[in-house]
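The values are calculated or read from the model by the stated rules, or taken from the named source; none is laboratory data. This is a predicted model, so every value here is computed, not measured. Here the Cβ positions follow ideal geometry from the backbone for every residue, glycine too, while neighbour counts run over all protein chains shown. Accessible surface is based on the protein model in full, side chains and every heavy atom, while ligands, DNA and RNA are left aside. Shrake-Rupley method; radii C 1.70, N 1.55, O 1.52, S 1.80 Å.
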Amino acid sequence: MEALYLHIDMNNFYASVECAERPELRGLPVAVAGDPAKRHGVVLAKNQIAKKYGVKTGDTVWEAQMKAPGIVFLPPHFDKYDKISKRMFGICNNYSCYVEPFGPDECWLDCTQTAKLLGGGSAIADNLRQQVKRELGITASVGVSFTKMFAKLGSDMKKPDGTTVIDRDNFRGKVWPLPAAELCGVGRSTEAKLRSMNILTIGDLAESDERVIKRMLGKPGADLRRTARGEDAGEVREAVRRRDAKSVGHGLTALRDLRTEDDIRTLVYYLSELVAARLRKYGFRAKGVAVSARSSELTRQSRQKALPYPVSSSDDIAAAALELLFSFYDGAPLRSVDVSTYMLVGECEPQQLSFFDDSLTSAKCEKLDRTIDRLRLKYGKNSVIRACHAEQDIFVNKDVGDFLPFKR
């Protein structure tokens, strides 16, 4: 039996959620953005009308205003998007128990076993779109195919509110003429390398020499070639299947380039707090910290180190991350930073403390963090914040919560 995958993508998700609750905005260009009063506020999402004016995600507020005079800016409400997202995944579970999130507004479904019962891939996709529109008030596009990545490509082809079927008979005509950068996994660096080999389209990649691709891009390149040929065998993970945690991390692209060490510390402490809170929530400590940074020129560097004892306090994680980051930071503007922890151990596992290192101080920091956790749970996430986070224009201080697509 051939696999049948669907990929659903909610159209203009944040903006669509806002507009669904405010019918007076119908017919107007709308963007969800950071504080317009701040010079560095950026567009997080836009509706279809703003998109027609040329407004793009990542545009600054003033750029969006130049493109779409009269555009309406709305502040983000991440708790609201989280609730709608979970409802969307709940709807998807009506069609398959195999649902794999790829973000808060998109996911894959494996409908191989339910296709005959529910009328086939195209019928399932149409019914899914209609149910989402009826129950959530927003539109979605769905791709249907025999591989996960072709299904994802299909969900981008008819927007808004469309179904695209890519099968073995038509994939060469529908997929291969697309630019290679459209393929999931082909970033700017990979695209540049492919372009240097005169590989411009997905079809060029599919028909390329595997040995040359592997020599230039390694195993990931060979995997991309198989994906372009429709030969990847990716599976959709069951939504209720619990994964054993191997690492806990969080990354963020800043609203503006990080140009000073204070900027970097501000973001690293924010990420470290998110990581540490989740370690404590899930009952882990970490014996290793890793950091990765991407420059404004999109070059990436990373470092990692083992710790002398397992930790779950934000100060310990931030200190290690900053030490690693400043070991290679050369003063060039940074675009994004990732902080992650690995070598996880249960918090109930005994650990040897020492009078001659910082492990006792670390234990006190962890106790303080747990107290802050309780205060934030009772009085709200902003009831206790670091002074460096009170007035900053580097990130949107959203509550990441406990929702899978927002983190790894």
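Of M1, M88, M10, all but one fail to be open to solvent by 60 Å² or more (accessible area, probe 1.4 Å) and under 30 Å from D232 (Cα atoms); the exception is M1.
Taking every residue in segment 159-179 that is within 14 Å of R229 (Cβ to Cβ) and part of a strand (DSSP E or B) and pairing it with any residue that is open to solvent by 40 Å² or more (accessible area, probe 1.4 Å) and not hydroxyl-bearing (S, T, Y), at least 6 positions away or on another chain, the pairs with Cβ-Cβ distances below 9 Å are I166/M157; I166/K174. Among the residues of segment 135-153, are any closer than 21 Å to Y5 by Cα, assigned to a loop (DSSP other than H, G, I, E, B) and free of Cβ contacts under 8 Å to residues at least 60 places away in the same chain? No, every residue in segment 135-153 fails to be closer than 21 Å to Y5 by Cα, assigned to a loop (DSSP other than H, G, I, E, B) and free of Cβ contacts under 8 Å to residues at least 60 places away in the same chain. Take the conditions more than 19 Å from A45 (Cβ to Cβ) and without any contact (Cβ under 8 Å) to a residue 24 or more places away in the chain and apply them to L117. Does it pass? Spelling it out, L117 is indeed more than 19 Å from A45 (Cβ to Cβ) and without any contact (Cβ under 8 Å) to a residue 24 or more places away in the chain. Quick one: which of T201, T266 is in contact with a strand residue (DSSP E or B) (Cβ under 8 Å, 6 or more places away or on another chain) and either free of Cβ contacts under 8 Å to residues at least 12 places away in the same chain or of a type in the set (V, I, T) (or both)? The conditions single out T201.
For segment 359-379, the condition holds for no residue, the condition being that it is at pLDDT below 80, out of contact with any Gly (no Cβ under 7 Å at 6 or more places or on another chain), open to solvent by 70 Å² or more (accessible area, probe 1.4 Å) and not in a helix (DSSP H, G or I). Taken as a whole, the condition of being among the charged types (D, E, K, R), in a helix (DSSP H, G or I) and either within 20 Å of the chain's Cα centre (by Cα) or farther than 30 Å from L44 by Cα (or both) applies to D204. Of all residues in segment 91-103, one or more are at pLDDT below 90 and open to solvent by 50 Å² or more (accessible area, probe 1.4 Å).
Looking across segment 67-76, the residues that are crowded, with 16+ Cβ neighbours inside 10 Å and part of a loop (DSSP other than H, G, I, E, B) come down to A68, I71, P76. Consider A233 against the criteria (1) closer than 30 Å to S96 by Cβ; (2) touching a strand residue (DSSP E or B) at 6+ places or on another chain (Cβ under 6 Å); (3) of a type in the set (A, V, I, L, M, F, W, C): it satisfies all of them except one. Which criterion is unmet? All conditions pass for A233, except number (2).
If you take the residues of segment 42-62 that are more than 24 Å from R26 (Cβ to Cβ) and more than 18 Å from the chain's Cα centre (by Cα), which of them is most open to solvent (accessible area, probe 1.4 Å)? Selected residue: W62. In this structure, K80 does not qualify as out of contact with any Lys or Arg (no Cβ under 7 Å at 6 or more places or on another chain), surrounded by fewer than 19 Cβ atoms within 10 Å (Cβ to Cβ), assigned to a loop (DSSP other than H, G, I, E, B) and among the basic types (K, R). Among the numbered conditions (1) of a type in the set (G, A, S); (2) touching a helix residue (DSSP H, G or I) at 6+ places or on another chain (Cβ under 8 Å); (3) not in a loop (DSSP other than H, G, I, E, B), the only one that G230 does not meet is (3).
Between V30, V99, the distinction of being in contact with a helix residue (DSSP H, G or I) (Cβ under 8 Å, 6 or more places away or on another chain), touching a residue at least 60 places away in the same chain (Cβ under 8 Å) and under 27 Å from G154 (Cα atoms) belongs to V99 only. Any residue at all in segment 295-316 that's hydrophobic (A, V, I, L, M, F, W, C) and under 19 Å from Q392 (Cβ atoms)? The answer is no, given that none of the residues of segment 295-316 is hydrophobic (A, V, I, L, M, F, W, C) and under 19 Å from Q392 (Cβ atoms).
Quick grid of which residues meet (1) modelled with pLDDT of 90 or more; (2) among the small types (G, A, S):
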position	(1), (2)
L6	yes, no
V17	yes, no
V30	yes, no
A33	no, yes
K38	no, no
V55	yes, no
D59	no, no
K67	yes, no
V72	yes, no
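Screening I124 on (1) open to solvent by less than 50 Å² (accessible area, probe 1.4 Å); (2) modelled with pLDDT under 95; (3) out of contact with any Pro (no Cβ under 6 Å at 6 or more places or on another chain) shows it passes everything except condition (2).
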